[in-house]
Amino acid sequence: MKRVVVGLSGGVDSSVAAYLLKEQGYEVIGLFMKNWHDDSVTISNECPWLDDSNDAMLVADKLGIPFQTVDLSEQYKARIVDYMFNEYQKGRTPNPDVLCNREIKFDVFMDIALSLGADYVATGHYCRKGTLHKNGEEIYQLLAGVDGNKDQSYFLCQLSQAQLSKALFPIGELTKPEVREIASKLDLVTAEKKDSQGLCFIGKVKLPDFLQQQLKPKEGVIVEVSDDEPIYKVENHNFNSKEEELSFLSRKLNYTIQNGKVVGKHQGAHYFTKGQRKGLAVGGTPEPLFVIDTNVEDNIIYTGQGKNHPGLLKKALFITNDELHWIREDLALKVNQTMEVYARIRYRQPLQKATLHKVATGLYIEFETLQSAITEGQFAAWYINDELIGSGVIS
């Protein structure tokens, strides 16, 4: 019997994952990760991790598997929370969920599981793992979940071959309704539990509130930039190379107050992200205002009217070599090589047709159509068919 440690989060997905593994004949151990216990930043009087931990314990009890809690709050603060604040202060928008999987669940947590003699670590992610043989080597594939509506492969886009080799995703072949049905039949306490909307594993924490407690409010101005501003006028360029063209298509526009007019005030540019519409509190425009850029140094938010504003749209993005990650190392591009893929720049975005261009300093992704709100600090991930083969941080 192979031993599997399941990250029991107190939600329905991991509960059913544990049940399925037991049915398949594995020796299953449930482990709950306590990643946070600074009660000053939870936004309700409830203690969410305690509720979740109790639910996880009840599920383990019902399934007849051993259960324990591990405290990873120190590592979580160092690797996720501090990184997040650092990124927000730089005016980038990090993705804590992707990082949590790479740094906590499939690193710190995995080390603990292996020290308990586990052969594998399992989670309740909606994705699948494939295996293929190439040149005498075993290669692991990260495949999209069968439930297109819930596919979570994007959140695992930073995993390595070593991490994937030890990972199991028992519910990847199921849809969410099927998972809930199994939980109901087993009469599990988590069967009807709503999906958590908080930060990865912290529980009921709203990100803006969390940020406000750490990054101090600072009043600044909101500037509206017209869509016919000269900064958007593009002369007919004659590019000397494809790389020069890609560099131009992915460039960051540098706005100044002179590019628009002041239409309101805000409490800190670092609370806002590109493409954001809520929270600006500026009315009276024919079309809603969207954030097109933030300048954290001068504490200015630049906005434009409507979701087709040219300040929101771009055809290409760039990833530096040190932020570039291939799950399929055997498919990694060499300089001057290109590859046709499908890519996404955020979770749940429908896959977009794109071409990868490898250059000496990194990788360009050129999309077939204009993309809205390409945001620095977020992850771009690319697929061939339903296999996620690589990802990187948008620079």
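Bear in mind that the values in this text are calculations on the coordinates, not laboratory data. Please read all numbers here as calculations on a predicted model, not as lab measurements. Neighbour counts run over all protein chains shown; Cβ positions are idealised from the backbone, glycine included.
How big is D for the stretch 128-182, in µm² s⁻¹ as a whole number, if Stokes-Einstein is applied with the Kirkwood radius of its Cα pairs at 10 °C and 1.306 mPa s?
Answer, rounded: 130 µm²/s.
On each of the three principal axes of the Cα atoms of the stretch 220-305, give max minus min coordinate, whole Å, ordered largest first.
44, 26, 21
Show me, for the stretch 87-100, the HN-Hα J-couplings you get by feeding each phi into the Karplus relation (A = 6.51, B = -1.76, C = 1.60, θ = phi - 60°), rounded to Hz, glycine and proline as x.
Calculated HN-Hα couplings, in order: 5, 4, 5, 7, x, 9, 10, x, 10, x, 5, 5, 5, 4 Hz.
Compute, for the chain, the length of the dipole vector about the Cα centre, with Cβ point charges of +1 (Lys, Arg) and -1 (Asp, Glu) only. Units Debye, rounded to 20.
Here the size comes out at about 380 debye.
Name the residue from THR369, ILE389, ILE345 whose Cα lies farthest towards the positive end of the charge dipole of the stretch 313-393, charges +1 on Cβ of Lys and Arg and -1 on Cβ of Asp and Glu.
THR369
Return the long-range amide H neighbours of VAL263 (sequence gap of 5 or more, or a different chain), with a cut-off of under 5 Å between placed amide H atoms.
So VAL263 has HN proximity to ILE222, VAL223, GLU224.
For the stretch 243-258, what does the Karplus curve 6.51 cos²θ - 1.76 cosθ + 1.60, with θ = phi - 60°, yield as ³J(HN,Hα) per residue in whole Hz, taken in order and with x for Gly and Pro?
Per residue, the Karplus-derived 3J(HN,Hα) values read 4, 5, 5, 5, 4, 5, 5, 9, 5, 9, 6, 9, 7, 10, 4, 5 Hz.
Quick one: putting +1 on the C-beta of Lys and Arg, -1 on the C-beta of Asp and Glu, what dipole do you get for the stretch 300-368 around its Cα centre, in Debye to the nearest 20?
Details: 10 positive and 7 negative charges, 70 e Å.
That gives a dipole near 340 debye.
Amide H of LEU142 versus every other amide H placed in the peptide plane: which residues, excluding those fewer than 5 positions away on the same chain, fall under 5 Å?
The answer is GLY130, LEU388.
So how tilted is helix 176-185 from the main axis of the chain? Cα-based, degrees 0 to 90, rounded to 10.
30
Taking a cut-off of 27 Å, what percent of all Cα-Cα pairs in the chain are separated by more than that?
Of all Cα-Cα pairs in the chain, 55 percent lie more than 27 Å apart.
Starting with the fewest neighbours, write out ARG79, ARG102 ranked by other beta-carbon atoms found within 10 Å of each beta-carbon.
Result, fewest neighbours first: ARG79, ARG102.
Please provide three numbers in whole Å: the alpha-carbon extents of the stretch 40-140 along the principal axes, with the largest listed first.
Principal-axis extents of the stretch 40-140 (Cα, largest first): 52, 44, 25 Å.
Using the Karplus equation 6.51 cos²θ - 1.76 cosθ + 1.60 (θ = phi - 60°), what ³J(HN,Hα) coupling, rounded to whole Hz, does each residue of the stretch 308-314 give in order, writing x for Gly and Pro?
9, 4, x, x, 8, 9, 8
For the chain, take the longest principal axis of its alpha carbons; what is the angle in degrees between that and the long axis of helix 12-23, to the nearest 10 within 0 to 90?
Relative to the chain, helix 12-23 is tipped by roughly 40 degrees.
By how many nm would the segment from ASP82 to ASP322 grow when fully extended, if each residue of separation counts as 0.36 nm and the alpha-carbon distance is taken off?
Residue separation times 0.36 nm, minus the Cα-Cα distance, leaves 84.4 nm.
Please determine, in degrees from 0 to 90 and to the nearest 10, the orientation of helix 48-63 with respect to the longest principal axis defined by the Cα atoms of the chain, where the helix direction is its Cα long axis.
40
With only alpha-carbon atoms in the gyration tensor, what are the semi-axes of the equivalent ellipsoid for the stretch 313-393, in Å, largest first?
They are 17, 14, 12 Å, listed from largest to smallest.
Determine, for ILE171, ILE231, ILE327, the number of other Cβ atoms within 10 Å of each Cβ, and report the residues in order from fewest to most. Write down the numbers at each step before the final one.
Values: ILE171 30, ILE231 16, ILE327 25.
Neighbour counts put them in this order, fewest first: ILE231, ILE327, ILE171.
Please go through the residue pairs LYS90/LYS218; LYS129/LYS252; LYS105/LYS315; LYS22/LYS129 and name each one whose alpha carbons sit more than 25 Å apart in this structure.
Beyond 25 Å between Cα atoms: LYS129/LYS252; LYS105/LYS315.
In nm, what is the difference between 0.36 nm times the number of residues separating ILE384 and ASN54 and their Cα-Cα distance?
Length difference between fully extended and current span is 114.7 nm.
Starting from the exponent 0.38 and prefactor 2.2 Å, build the expected Rg for the stretch 3-214 from its residue count and divide its actual Cα Rg by it.
1.01
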